[in-house]
Amino acid sequence: MNMVVTISIFGLASVASLAGWSLFSDVLFRRRHQIQDRVSRHFGGVAMPQGEELNVVQDVSTLDVTQSQSKKERIQEQLQLVIDQAGLSWSLPRFIAMVMISTGLGGFLMWAISHNWMFVLMASIVSGACPVMYLFWRRKKRLHRMLQQMPDVFDLICRTVRAGNTFWHGVNSVSDEFEAPISTEFAYCHEMHNLGLPSELALREMARRTGLVEMKLLAEAVTVQQQAGGNLVEVLDKLTMMIRERFRINGKIRTLTAEGKMQAWVLLALAPAVFLLTLIFNSEYAMVLIQWNHSALLGVALALELVGAFVISKVVRVDF
């Protein structure tokens with residue numbers, strides 16, 4: 001009975017915390033969400049699983065799928081897009097299987113060490129979150145590396161166009177001369193265009209796959225120039241200057257928020273560190289929280305720690 005009450009309290013605390021943050025986010029960030037939804041719809045499309053390998057023939061056949069997809073299919077599409085943006089060749093079923101295996105393995109190992117159901121539940125949650133955290137870490141690292149390569153990419157395209165070649169010849173030069181991940185994305189886009197996909201759709205698909213604002217700006221600028229005319233070299237030069245300025249501002253923001261991030265890590269690690277030290281130097285005092293009639297407090301504390309980490313990450317992260 002105590003186990004059921006403990007798990008119920010932990011679940012209710014987690015759901016209540018997430019519901020409160022969802023309401024707070026909808027009220028505070030409503031305008032930002034509206035803008036993001038408009039941009040996502042403009043660059044929307046069907047997810048193309050690709051990883052780091054090029055398989056254009058299979059992927060282009062999915063472009064004629066209509067937008068009337070169910071909510072479940074859209075969630076699956078977004079998850080697969082995150083996997084592709086991380087540069088991993090995993091399929092969505094494989095990733096889900098990895099999460100389930102990791103969750104079960106963590107719970108089994110904790111059960112072998114301690115028969116406390118609260119510890120088993122906490123170990124299962126932490127171990128199940130490990131593949132998800134690794135996925136988003138890989139995605140963040142890959143997109144940051146791609147963002148660092150963007151100014152040099154635009155410079156190369158400008159030089160190629162200024163020399164009298166076409167824009168798509170510059171795209172091909174990027175795929176040949178640069179390292180991954182930017183070369184993979186541009187090679188993928190170039191092959192789609194060679195297979196007959198219109199320039200606008202190929203560029204927008206590349207922007208959707210990467211999710212970078214700079215890619216979306218490139219797609220829009222080239223599309224408008226091809227439809228309305230103008231000096232493509234001048235447009236790319238201005239985009240290069242803007243991207244370098246955005247990169248400089250982003251670095252300044254990271255510097256200014258570094259102190260806040262450090263404070264967040266200290267605050268989040270303080271409670272577990274104090275509990276471990278108490279468990280080492282005064283185990284009888286700390287074991288009271290592990291007992292079944294008090295272990296619900298650990299579950300509530302863990303839920304509040306996770307909510308605090310999420311809120312702090314939103315505060316110190318500035319999107320522009």
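The values are calculated or read from the model by the stated rules, or taken from the named source; none is laboratory data. Remember, predicted model here, so these are calculated numbers, not experimental data. Here the Cβ is made from the backbone with ideal geometry for all residues, glycine too, and neighbour counts use every protein chain on show.
Examine segment 136-154 for a residue that is in contact with a Lys or Arg (Cβ under 8 Å, 6 or more places away or on another chain) and either polar (S, T, N, Q) or assigned to a helix (DSSP H, G or I) (or both), and state whether such a residue exists. Break it down into steps so the answer makes sense when it comes.
Of segment 136-154, the ones in contact with a Lys or Arg (Cβ under 8 Å, 6 or more places away or on another chain) are 151.
Still in the list and also either polar (S, T, N, Q) or assigned to a helix (DSSP H, G or I) (or both): 151.
Within segment 136-154 (the criterion being in contact with a Lys or Arg (Cβ under 8 Å, 6 or more places away or on another chain) and either polar (S, T, N, Q) or assigned to a helix (DSSP H, G or I) (or both)), the answer is yes, since at least one residue qualifies.
Anything in segment 204-215 that is part of a helix (DSSP H, G or I) and within 16 Å of Val171 (Cβ to Cβ)? List them, or say none.
Arg204, Glu205, Met206, Ala207, Arg209, Thr210, Glu214, Met215
Do we find a residue being of a type in the set (A, V, I, L, M, F, W, C), part of a helix (DSSP H, G or I) and either surrounded by fewer than 14 Cβ atoms within 10 Å (Cβ to Cβ) or modelled with pLDDT of 90 or more (or both) anywhere in segment 114-129? Walk me through how you get there before you give the answer.
Just the residues of segment 114-129 that are of a type in the set (A, V, I, L, M, F, W, C), to begin with: 117-123, 125-126, 129.
From what is left, the residues that are part of a helix (DSSP H, G or I) are 117-123, 125-126, 129.
Filter once more, so that each one left must be either surrounded by fewer than 14 Cβ atoms within 10 Å (Cβ to Cβ) or modelled with pLDDT of 90 or more (or both): none.
No: segment 114-129 contains no residue that is of a type in the set (A, V, I, L, M, F, W, C), part of a helix (DSSP H, G or I) and either surrounded by fewer than 14 Cβ atoms within 10 Å (Cβ to Cβ) or modelled with pLDDT of 90 or more (or both).
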Considering segment 236-271 alone, what residues qualify as being closer than 17 Å to Ala309 by Cβ and touching a residue at least 12 places away in the same chain (Cβ under 8 Å)? Thr257, Gly260, Lys261, Ala264, Leu267, Leu268, Ala271
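Regarding Val233, is this residue over 30 Å from Ala86 (Cβ atoms), in a helix (DSSP H, G or I) and touching a residue at least 24 places away in the same chain (Cβ under 8 Å)? Before the answer, list the steps.
Working: over 30 Å from Ala86 (Cβ atoms): yes; in a helix (DSSP H, G or I): yes; touching a residue at least 24 places away in the same chain (Cβ under 8 Å): yes.
Yes, satisfied.
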Positions within segment 173-197 being among the charged types (D, E, K, R) and under 25 Å from the mean Cα position of the chain (by Cα), in sequence order: Glu179, Glu185
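Hey, among Gln226, Gln263, which residue is exposed (fewer than 15 other Cβ atoms within 10 Å of the Cβ) and in a helix (DSSP H, G or I)?
Values: Gln226 fails: exposed (fewer than 15 other Cβ atoms within 10 Å of the Cβ).
Of the residues listed, the single one that is exposed (fewer than 15 other Cβ atoms within 10 Å of the Cβ) and in a helix (DSSP H, G or I) is Gln263.
Which of the residues spanning segment 126-166 are without any contact (Cβ under 8 Å) to a residue 24 or more places away in the chain and of a type outside the set (Ser, Thr, Tyr)?
Here is the first cut: in segment 126-166, the ones without any contact (Cβ under 8 Å) to a residue 24 or more places away in the chain are 126, 129, 133-134, 137, 140-141, 144, 156, 159-160, 163-166.
Answer for segment 126-166, where residues must be without any contact (Cβ under 8 Å) to a residue 24 or more places away in the chain and of a type outside the set (Ser, Thr, Tyr): Val126, Ala129, Met133, Trp137, Lys140, Lys141, His144, Leu156, Arg159, Ala163, Gly164, Asn165.
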Say whether the condition of being part of a helix (DSSP H, G or I) and farther than 28 Å from Leu306 by Cβ is met by at least one residue in segment 277-287. yes
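I'd like to verify a number: residues in segment 158-191 that are surrounded by 14 or more Cβ atoms within 10 Å (Cβ to Cβ) and among the acidic types (Asp, Glu), how many?
Going residue by residue through segment 158-191, those that are surrounded by 14 or more Cβ atoms within 10 Å (Cβ to Cβ) are 158-161, 165, 167-175, 178, 180-191.
Within this subset, residues satisfying the condition of being among the acidic types (Asp, Glu) are 185, 191.
Number satisfying all stated conditions: 2.
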